[in-house]
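Student: Here it is, the structure in full.
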Amino acid sequence: MVVFRVVPKALKLLEESLSIGGCDYKNPDYEEILAYISVIGCALVEAQDFESSRWIEELRPYMSLLHMTSVDGCIEKYRHTYENESMGLLDSSDDEGNFGHEELCNIRFSLAYGGKILLHKTRLRLKRGYVYGLVGENGVGKTTLMRSIDNGKLEGWPEGLVTHYVRSDSDMDPTCNVTVIEHLKLKTKKSDEECRNFLSEQLNFTTQFLEGPISELSGGWQMKLRLAEAMLIVPDILLLDEPTNHLDVSCVQWLTKYLISLKDTTVLCVSHDSHFMETICSDIIHYEQRSEWGPHRKLVHYKGKMSNFVLKQPKANHYFELAATDQLSFKLPEPGRIDGIKTSTQKILEMEGVNFRYPSNDFDSLTDITLKMTLSSRVVILGPNGAGKSTLVKMIVGDSLPSNFGKCKFFIHHNLRIAYVAQHSFFHVEQHLEESPVAYIQWRFKDAFDKEKLESEGFKITPQEQKAIDDFKLEGIWSRRMRAGVLEYEVKKKGVKEKDNKYYSREDLLQLGFEHLIKQTDEKIAAKEAGLDLRPVTTTEIQKHLDNFCLSQEFGTYGKIRGLSGGQKVKLVLAAALWNCPHLLVLDEPTNYLDREALGALSIALNQWSGAVLMISHKKEFYSSICKEEWKISNARLNIEGISQERKMKISKKKTYEKEVKEEVLIEKAGGNTNSDGNKYKDATINFWGKAISKKEARNFDKAKKKRDVDTMRKILLIPVGRVMPGHEELGDGKKK
């Protein structure tokens with residue numbers, strides 16, 4: 001049925017090809033022959049068989065009956081025209097605009113990743129000096145295709161072509177101490193002088209940047225460095241994966257001019273920045289799936305810019321519009337309450353007179369910073385690359401402290417839960433490439449706190465701090481309390497009985513050098529307040545959470561992180577960051593990798609969410625719909641414009657998971673899971689000493705709780721007389737210590 005449905009198209013192309021051979025194709029005697037030839041041609045196209053010898057073998061016996069001068073020539077013209085038309089190349093195959101341009105590749109190939117076929121018997125034709133936009137939904141395989149081109153792994157790929165692939169996400173360890181100049185010399189094999197001159201003259205790298213470690217570069221400057229590699233190598237084909245990510249407006253303009261000026265380099269670019277694509281692209285290559293091609297996608301070539309492509313494919317208009325659809329929506333978990341915060345306008349964070357200086361610098365990156373945030377805050381941080389936006393964010397999320405700490409006002413609520421999606425979040429995710437997204441979240445939160453966060457440089461206990469801990473004979477911090485407006489921590493020292501434990505103020509402990517230990521303690525307590533000690537890290541629970549970020553079971557449970565697209569990795573990073581139900585969501589360049597449909601969904605979700613939002617973004621179209629308050633950083637100083645509107649405060653109760661835990665046990669017993677003992681009560685409740693109680697004790701605790709038998713509940717949790725267990729204040733016995 002498919003063959004006969006497309007016969008009219010085949011017949012039309014056949015008639016155009018016969019005209020060059022002097023055939024009178026309008027002769028009524030030829031009608032039946034032409035119909036049969038078109039059916040054969042259509043069948044060959046359906047089989048994606050475009051071998052010249054095959055077409056000549058099948059069609060010559062019938063074409064010879066048409067009395068023309070060049071049978072084989074007409075067959076070849078028919079085959080070539082039909083092939084171009086089926087791949088969308090008819091408009092640009094041999095027109096005047098292509099005249100004189102060297103053909104770099106003209107191949108037919110299939111492409112798979114894992115067990116999934118991404119492209120099937122499709123054609124790719126690239127000419128020198130053209131800028132091709134590679135367009136398609138997230139997850140169709142755009143990045144996989146570019147990596148395969150860069151590795152020369154496509155079937156029939158020409159030998160000798162020099163390619164260079166510029167990734168948007170950094171594969172550099174954020175703690176890397178390799179200097180910028182040494183890195184560029186190693187990658188390009190150019191001399192020290194060539195690299196220095198290029199970076200300083202073309203990209204405005206200062207001497208301090210050149211001699212400094214890559215880890216101190218902002219995302220924008222790291223992207224400039226990766227682009228510099230490509231420019232110095234001068235490849236035949238330049239592969240760009242979201243090149244405008246992290247770049248400010250002036251840098252995007254500079255990149256645009258550079259790409260337009262290229263004459264001998266062919267560019268294949270993936271970008272969700274439609275204005276950028278409209279400006280640079282000469283042609284569009286689109287991932288398409290048509291009924292006559294079966295279940296697989298192919299590459300279809302459209303001559304002209306993005307706007308011309310959208311005219312021919314109106315459904316692709318979402319590349320220009322920032323709007324969500326019914327098929328895609330994000331659901332962010334509500335943050336819950338914070339101790340002492342009763343309205344959405346009470347401050348949760350405040351700085352006054354804050355300075356910050358990197359150890360390797362002799363000047364302040366930020367000076368006299370004054371700001372505050374509430375749960376109603378919706379803030380965007382603006383400024384050129386390297387102005388200090390990410391530096392300010394790192395102080396807010398706890399990765400660093402002010403240089404003048406103790407001499408400035410620096411307040412962050414001790415129970416504030418912060419989710420931070422950093423520029424280099426992909427680096428951490430990609431340490432788990434062979435695991436599924438579910439397994440990654442299980443690893444990260446299995447201990448009822450964010451293990452990845454506590455292992456980061458901002459929270460890891462340094463050797464100097466460990467020595468201070470050992471010298472103080474500190475065994476651990478057992479609890480925390482607020483007394484007379486002062487936050488105090490109960491300290492247990494080695495060789496000292498529990499009854500002799502002492503409380504120290506936060507300031508006292510910081511002066512003793514326990515900065516990271518305090519941060520870890522606060523993080524664990526905040527995680528417990530979010531209910532992470534009760535939330536089961538089961539596949540069912542985690543997949544349910546991933547579903548709220550449009551990462552389906554196919555990718556979340558059964559797929560590997562290695563197989564995720566850039567957009568899918570962003571969804572995973574967002575989902576993992578929001579597992580602890582944060583009060584403040586900090587996003588560093590959230591528009592990177594997400595297509596415009598997903599950006600629309602994220603915008604709607606953030607506007608509906610009741611927590612505070614702080615983001616760094618260069619895309620006004622996105623942040624203007626969310627943020628009414630702008631923090632502009634220039635010359636190391638902060639200027640605040642606009643004001644966040646008061647929002648209704650949603651107070652949700654601490655969620656319990658006892659019902660889900662019991663159901664999981666029954667399922668595992670019935671299903672015969674040999675990899676688990678079925679004891680899901682093990683991590684459901686923790687006693688006073690931080691040890692997991694048994695399944696039987698958990699059941700007895702639940703029964704006592706229903707009967708309000710406080711004494712039995714205290715006994716099960718081993719709560720000492722006169723003590724109150726954090727999170728179980730209802731079990732206080734009223735006795736003084």
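Student: State whether one or more residues within the stretch 145-164 are at pLDDT below 90 and surrounded by 13 or more Cβ atoms within 10 Å (Cβ to Cβ).
Tutor: No, every residue in the stretch 145-164 fails to be at pLDDT below 90 and surrounded by 13 or more Cβ atoms within 10 Å (Cβ to Cβ).
Student: When the residues of the stretch 448-498 are filtered to those that are exposed (fewer than 13 other Cβ atoms within 10 Å of the Cβ) and among the hydrophobic types (A, V, I, L, M, F, W, C), which remaining residue is nearest to E515 (Cα to Cα)?
Tutor: Filtering first and then ranking leaves V486.
Student: For the stretch 177-275, which helices (runs of 4 or more DSSP H) that fit wholly inside it have 1 or more residues that are within 30 Å of L124 (Cβ to Cβ) and of a type in the set (K, R)? Full working, then the answer.
Tutor: Working: elements: 180-188, 192-203, 207-211, 219-233, 249-261.
Helices (runs of 4 or more DSSP H) meeting the threshold: 180-188, 219-233, 249-261.
Every residue, every condition in (1) closer than 30 Å to N177 by Cβ; (2) at pLDDT below 90; (3) small (G, A, S), yes or no:
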| site | (1), (2), (3) |
| --- | --- |
| K347 | no, no, no |
| M373 | no, no, no |
| S376 | no, no, yes |
| V380 | no, no, no |
| A387 | yes, yes, yes |
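Student: To continue, here is another question. Among the residues of the stretch 22-55 satisfying the criterion of being modelled with pLDDT of 75 or more and either of a type in the set (S, T, Y) or at positive phi (or both), which is farthest from the chain's Cα centre (by Cα)?
Tutor: Y30
Student: Between a first residue in the stretch 136-155 that is assigned by TED's automatic domain parsing to the domain that holds K315 and hydrophobic (A, V, I, L, M, F, W, C) and a second residue that is assigned to a helix (DSSP H, G or I) and buried (at least 16 other Cβ atoms within 10 Å of the Cβ), which pairs have beta carbons less than 9 Å apart while being 6 or more apart in sequence or on different chains?
Tutor: L154/L145; L154/S148
Student: Across the stretch 369-398, what is the total count of residues that are outside any helix (DSSP H, G or I) and either under 29 Å from T343 (Cβ atoms) or not assigned by TED's automatic domain parsing to the domain that holds F622 (or both)?
Tutor: Initial filter on the stretch 369-398 (outside any helix (DSSP H, G or I)): 369-388, 398.
Okay, now just the ones that are also either under 29 Å from T343 (Cβ atoms) or not assigned by TED's automatic domain parsing to the domain that holds F622 (or both), so 369-382, 398.
Qualifying residue count, the stretch 369-398: 15.
Student: Which residues, counting only those in the stretch 409-428, are in a strand (DSSP E or B) and under 17 Å from V393 (Cβ atoms)? Show your work before the answer.
Tutor: Restricting attention to the stretch 409-428, the residues satisfying the condition of being in a strand (DSSP E or B) are 409-412, 418-421.
If the condition is that a residue be in a strand (DSSP E or B) and under 17 Å from V393 (Cβ atoms), then F410, F411, I412, I418, A419, Y420, V421 are the ones that fit.
Student: In the stretch 276-291, what count of residues is obtained for those that are of a type in the set (D, E) and assigned to a helix (DSSP H, G or I)? Please lay out each step first, then the result.
Tutor: Pass one, the stretch 276-291, residues of a type in the set (D, E): 278, 283, 288.
Checking the rest, the ones that are also assigned to a helix (DSSP H, G or I) come to 278.
The total comes to 1.
Student: If P213 meets every condition in (1) touching a Pro at 6+ places or on another chain (Cβ under 7 Å); (2) modelled with pLDDT under 90 apart from one, which number is that one?
Tutor: (1)
Student: Can you name the residue in the stretch 530-559 that is of a type in the set (S, T, Y) and assigned to a loop (DSSP other than H, G, I, E, B) and, of all such residues, is farthest from N138 (Cα to Cα)? Steps first, answer last, please.
Tutor: As a first pass, look at the stretch 530-559 and keep what is of a type in the set (S, T, Y): 538-540, 552, 557-558.
Subset that is assigned to a loop (DSSP other than H, G, I, E, B): 538, 552, 557-558.
Working: T538: 27, S552: 13, T557: 18, Y558: 18 Å.
That would be T538.
Student: Within the stretch 556-587, track down each residue that is surrounded by 23 or more Cβ atoms within 10 Å (Cβ to Cβ), at pLDDT 90 or above and farther than 30 Å from K648 by Cα.
Tutor: G556
Student: Taking the criterion of being surrounded by 19 or more Cβ atoms within 10 Å (Cβ to Cβ) and touching a strand residue (DSSP E or B) at 6+ places or on another chain (Cβ under 8 Å), would at least one residue in the stretch 538-545 satisfy it?
Tutor: Scanning the stretch 538-545 turns up no residue that is surrounded by 19 or more Cβ atoms within 10 Å (Cβ to Cβ) and touching a strand residue (DSSP E or B) at 6+ places or on another chain (Cβ under 8 Å).
Student: If we scan the stretch 477-489, do we find a residue that is at pLDDT below 90, under 30 Å from T367 (Cα atoms) and among the hydroxyl-bearing types (S, T, Y)?
Tutor: For the stretch 477-489, residues at pLDDT below 90, under 30 Å from T367 (Cα atoms) and among the hydroxyl-bearing types (S, T, Y): absent.
Student: Counting only residues that are assigned to a strand (DSSP E or B) and under 28 Å from the mean Cα position of the chain (by Cα), which one in the stretch 619-637 is farthest from D595 (Cα to Cα)? Let's see the steps before the verdict.
Tutor: Initially, the stretch 619-637 is screened for residues assigned to a strand (DSSP E or B), giving 629-634, 637.
After this cut, where a residue has to be under 28 Å from the mean Cα position of the chain (by Cα) as well, the list is 629-634.
Numbers: E629: 25, E630: 24, W631: 26, K632: 26, I633: 28, S634: 30 Å.
Per the criteria, the residue is S634.
Student: Right, here's the next one. Within the set of pairs 6+ apart or on separate chains, which have a first residue in the stretch 556-576 that is closer than 15 Å to K544 by Cβ, a second that is among the hydroxyl-bearing types (S, T, Y) and part of a helix (DSSP H, G or I), and C-beta atoms under 8 Å apart?
Tutor: T557/T539; L572/Y440; A576/Y440
Student: Is it the case, given these coordinates, that F445 is within 19 Å of A575 (Cβ to Cβ), crowded, with 19+ Cβ neighbours inside 10 Å and at pLDDT 90 or above?
Tutor: On the way: within 19 Å of A575 (Cβ to Cβ): yes; crowded, with 19+ Cβ neighbours inside 10 Å: yes; at pLDDT 90 or above: yes.
Considered against the rule, which asks whether it is within 19 Å of A575 (Cβ to Cβ), crowded, with 19+ Cβ neighbours inside 10 Å and at pLDDT 90 or above, F445 comes out as yes.
The values are calculated or read from the model by the stated rules, or taken from the named source; none is laboratory data. All values reported here derive from a predicted model rather than from experimental measurement. Because the Cβ atoms are built from the backbone with ideal geometry, glycine has one as well, and the counts that use them run over all protein chains shown.
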